[in-house]
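The values are calculated or read from the model by the stated rules, or taken from the named source; none is laboratory data. Being a predicted model, the structure only gives us computed values, none of them experimental. Note that each Cβ is placed from the backbone with ideal geometry, even for glycine, and that neighbours are counted across all protein chains shown. Areas reflect the complete protein model, heavy atoms only, side chains present, ligands, DNA and RNA absent. Shrake-Rupley method; radii C 1.70, N 1.55, O 1.52, S 1.80 Å.
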Amino acid sequence: RPNGFEAADFDGYRHLALMPLTENDVREYVHRGLPHEDAEQLLQVIAASDRLTELVETPFILALLSASHIDVARDARERASLFRSSINYLLKGQDWEASRPSVSAREVEYQLRILKRIALRLFMLESSGIFEKSEVLQCISLEKDPLHSPDVTLEALIRNSGLLQYDKDGYYFVHRSIWEYLVAAACRDESLEAIAERSRS
């Protein structure tokens, strides 16, 4: 993504643009990752929606859609529903693979609360999207959960979900759309008065 990095930060690399996926690219990817029957079912759902056809031209969106169960795909007409289902899947709140270890509903709820808190706090900082560890840990520590230390929670979110990542400059959400979705979800948990107050600050 041309807007995903600063070219000046990287020496000795050639700048290449990532083209939108073609219909054949989408078909090959879906069939590579899903059983034939599920793949065909998902492709039919995509073909029946102009919006989904547009969305899956982006590799990230196609990967999320393919990772979600076929029943989820039927309702993924908007980005919000797709992100909600995919985040829940990545946190292991929804599971269609028997080989994945189960995670309690309490753990999923805790991790989602943390992600929303981090997303909203970092959004209010009006940053470029990369944040220092101290800021992220401060968001986590506000939860005051005796069963989870901030450091262990942060490490688990990065290792298990892939929704947060780290590079030499700091921590960031894997995709800006995920970050924006979590901000919106966090705002829905707040009162209108609190949201209005944030908008004035």
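Within the stretch 139-167, which residues are open to solvent by 70 Å² or more (accessible area, probe 1.4 Å) and in a helix (DSSP H, G or I)? Reasoning before the result, please.
Taking the stretch 139-167 and keeping what is open to solvent by 70 Å² or more (accessible area, probe 1.4 Å), we get 142, 144, 146-147, 151-152, 155, 159-160, 166.
Within the stretch 139-167, Asp151, Val152, Glu155, Arg159, Asn160 meet the criteria.
Where the second residue is open to solvent by less than 60 Å² (accessible area, probe 1.4 Å) and outside any helix (DSSP H, G or I) and the first is within 14 Å of Pro20 (Cα to Cα) and lies in the stretch 37-58, which pairs have Cβ atoms under 7 Å and are six or more apart or on separate chains?
Once the first residue is within 14 Å of Pro20 (Cα to Cα) and sits in the stretch 37-58, its partners that are open to solvent by less than 60 Å² (accessible area, probe 1.4 Å) and outside any helix (DSSP H, G or I) give Leu52/Ala76; Val56/Leu21; Glu57/Leu21.
Test Val136 against the criterion of being within 23 Å of Phe83 (Cβ to Cβ) and either under 20 Å from the mean Cα position of the chain (by Cα) or open to solvent by 80 Å² or more (accessible area, probe 1.4 Å) (or both), and give yes or no.
On the way: within 23 Å of Phe83 (Cβ to Cβ): yes; either under 20 Å from the mean Cα position of the chain (by Cα) or open to solvent by 80 Å² or more (accessible area, probe 1.4 Å) (or both): yes.
For Val136, the condition - within 23 Å of Phe83 (Cβ to Cβ) and either under 20 Å from the mean Cα position of the chain (by Cα) or open to solvent by 80 Å² or more (accessible area, probe 1.4 Å) (or both) - is met.
So which residues in the stretch 28-40 are in a helix (DSSP H, G or I), under 24 Å from the mean Cα position of the chain (by Cα) and not small (Gly, Ala, Ser), if there are any at all? I'd like the intermediate steps shown before the answer.
The initial filter retains those residues of the stretch 28-40 that are in a helix (DSSP H, G or I), namely 28-33, 36-40.
Filter once more, keeping what is under 24 Å from the mean Cα position of the chain (by Cα): 28-33, 38-39.
Those that are in a helix (DSSP H, G or I), under 24 Å from the mean Cα position of the chain (by Cα) and not small (Gly, Ala, Ser): Glu28, Tyr29, Val30, His31, Arg32, Asp38.
Step by step: first the residues of the stretch 100-125, then only those that are in contact with a Cys (Cβ under 6 Å, 6 or more places away or on another chain) and open to solvent by 60 Å² or more (accessible area, probe 1.4 Å), then the one that is modelled with the highest pLDDT. Which residue is that?
From the stretch 100-125, those in contact with a Cys (Cβ under 6 Å, 6 or more places away or on another chain) are 117-118, 121; that's our starting set.
Pick out the ones that are also open to solvent by 60 Å² or more (accessible area, probe 1.4 Å) and you get 117, 121.
On the way: Arg117: 88, Arg121: 82.
Ranking the qualifying residues of the stretch 100-125, first place goes to Arg117.
Results for (1) closer than 15 Å to Glu107 by Cβ; (2) modelled with pLDDT of 80 or more, shown as yes or no for each residue.
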residue: Ser134; (1), (2): no, yes
residue: Leu137; (1), (2): no, yes
residue: Ile140; (1), (2): yes, yes
residue: Asp145; (1), (2): yes, no
residue: Val152; (1), (2): yes, yes
residue: Leu157; (1), (2): yes, yes
residue: Asn160; (1), (2): yes, no
residue: Tyr166; (1), (2): no, yes
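So which residues in the stretch 168-187 are part of a helix (DSSP H, G or I) and either under 22 Å from Leu65 (Cα atoms) or at pLDDT below 80 (or both)?
Filtering the stretch 168-187 for residues part of a helix (DSSP H, G or I) gives 176-187.
Once the filter is applied, which keeps residues that are part of a helix (DSSP H, G or I) and either under 22 Å from Leu65 (Cα atoms) or at pLDDT below 80 (or both), the stretch 168-187 yields Arg176, Ser177, Ile178, Trp179, Glu180, Tyr181, Leu182, Val183, Ala184, Ala185.
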